[in-house]
1. Return only the number of the condition from (1) within 15 Å of the chain's Cα centre (by Cα); (2) surrounded by fewer than 17 Cβ atoms within 10 Å (Cβ to Cβ) that Pro94 does not satisfy.
2. Give just the number: which of (1) under 16 Å from the mean Cα position of the chain (by Cα); (2) touching a residue at least 12 places away in the same chain (Cβ under 8 Å) does Phe114 not satisfy?
3. Kindly evaluate Glu46 against the criterion of being over 16 Å from Phe153 (Cα atoms), surrounded by 14 or more Cβ atoms within 10 Å (Cβ to Cβ) and out of contact with any Pro (no Cβ under 7 Å at 6 or more places or on another chain).
4. Out of all the residues in the range 138-167, which are out of contact with any strand residue (DSSP E or B) (no Cβ under 9 Å at 6 or more places or on another chain) and farther than 23 Å from Ala51 by Cα?
5. Specify which of the listed residues (Ala37, Ala51, Ala21) is of a type in the set (A, V, I, L, M) and more than 18 Å from the chain's Cα centre (by Cα).
6. Residues in the range 73-111 that are part of a helix (DSSP H, G or I) and in contact with a Leu (Cβ under 6 Å, 6 or more places away or on another chain): how many?
Amino acid sequence: MSQADSEEAPPLPWPSLSDRAFVETLPFRGAWIANRADERLFRMIEGFHEAGDLLVSESDDQPRRAQNLIYPAIFAYRQSLELSLKYLLVEFGPVAGETPEFRTHDLNALWSKFKRVVAFFQRDIQPTDEEAFRAAETLIAEFATVDPGSDAFRFAHDTKGRTVNFPMSEVDLAHLRKVMADLHNFLECVACHFHYLKDMATS
């Protein structure tokens, strides 16, 4: 690069002492943060899932970026899934005698607790729904195997400094988006149905 080219190139912006990361703005001019925990949890579930979709779409449009975007995309999908299971336990666990779970990231443990909630409502579940429940269980177990602690796509090393290994070298992100949409739809329908049953029981 010649000196002339160097002089013409705009300088890279660096942080300044006057910068602040979080600046409050006027109503309807920024991103509103939900005050109620139940609404915030709903918006987090939807937001992380939508973030995964957007990242995969960006990877479709610019395939070279997929090598970078795969990590936040898969983490976003997993986070949405984990929060969905925790929401189901918060909303319906107490009705079925199951306590909500706030600390674990273990998808298999969350699903096991939720299966006991499902058993409580079992009499109202159609036989045709059983295949969907088994399919959801298989997908959740697969996610738990690939990323058991919700950190495999956030860090390159585990807590002992070892490289995190994956069972495959490339992931079909478009396929993942479709599968996660199906699973997301299923869990939303389960929540809607259980809300109906819960309301009927208390009315």
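1. (1)
2. For Phe114, the failing item is (1).
3. Working: over 16 Å from Phe153 (Cα atoms): yes; surrounded by 14 or more Cβ atoms within 10 Å (Cβ to Cβ): yes; out of contact with any Pro (no Cβ under 7 Å at 6 or more places or on another chain): yes.
Taking the combined requirement at face value, the residue satisfies it.
4. Thr138, Asp158, Thr159, Lys160, Gly161, Arg162, Asn165, Pro167
5. Values: Ala37 fails: more than 18 Å from the chain's Cα centre (by Cα); Ala51 fails: more than 18 Å from the chain's Cα centre (by Cα).
Being of a type in the set (A, V, I, L, M) and more than 18 Å from the chain's Cα centre (by Cα) holds for just one of Ala37, Ala51, Ala21, which is Ala21.
6. Taking the range 73-111 first, the residues part of a helix (DSSP H, G or I) are 73-92, 94-96, 107-111.
Adding the requirement that they be in contact with a Leu (Cβ under 6 Å, 6 or more places away or on another chain) leaves 73, 84-85, 87, 110.
Going through the range 73-111 one residue at a time, the tally reaches 5.
One line per residue, one yes/no per condition, for (1) touching a residue at least 24 places away in the same chain (Cβ under 8 Å); (2) surrounded by fewer than 17 Cβ atoms within 10 Å (Cβ to Cβ); (3) out of contact with any Pro (no Cβ under 6 Å at 6 or more places or on another chain); (4) of a type outside the set (Gly, Ala, Ser):
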| position | (1), (2), (3), (4) |
| --- | --- |
| Phe133 | no, yes, yes, yes |
| Thr138 | no, yes, yes, yes |
| Gly149 | yes, yes, yes, no |
| Arg154 | yes, yes, yes, yes |
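Here is a yes/no grid of residues against (1) within 23 Å of Arg64 (Cβ to Cβ); (2) modelled with pLDDT under 95:
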{"site": "Gln126", "(1), (2)": "no, yes"}
{"site": "Thr138", "(1), (2)": "no, no"}
{"site": "Glu142", "(1), (2)": "no, no"}
{"site": "Phe166", "(1), (2)": "yes, yes"}
{"site": "Arg177", "(1), (2)": "yes, no"}
{"site": "Phe186", "(1), (2)": "no, no"}
{"site": "Val190", "(1), (2)": "no, yes"}
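The values are calculated or read from the model by the stated rules, or taken from the named source; none is laboratory data. Fair warning: this is a prediction, and the values are worked out from it, not measured in the lab. Methodologically, a virtual Cβ is constructed for each residue, glycine included, from the backbone with ideal geometry; neighbour enumeration extends over all protein chains shown.
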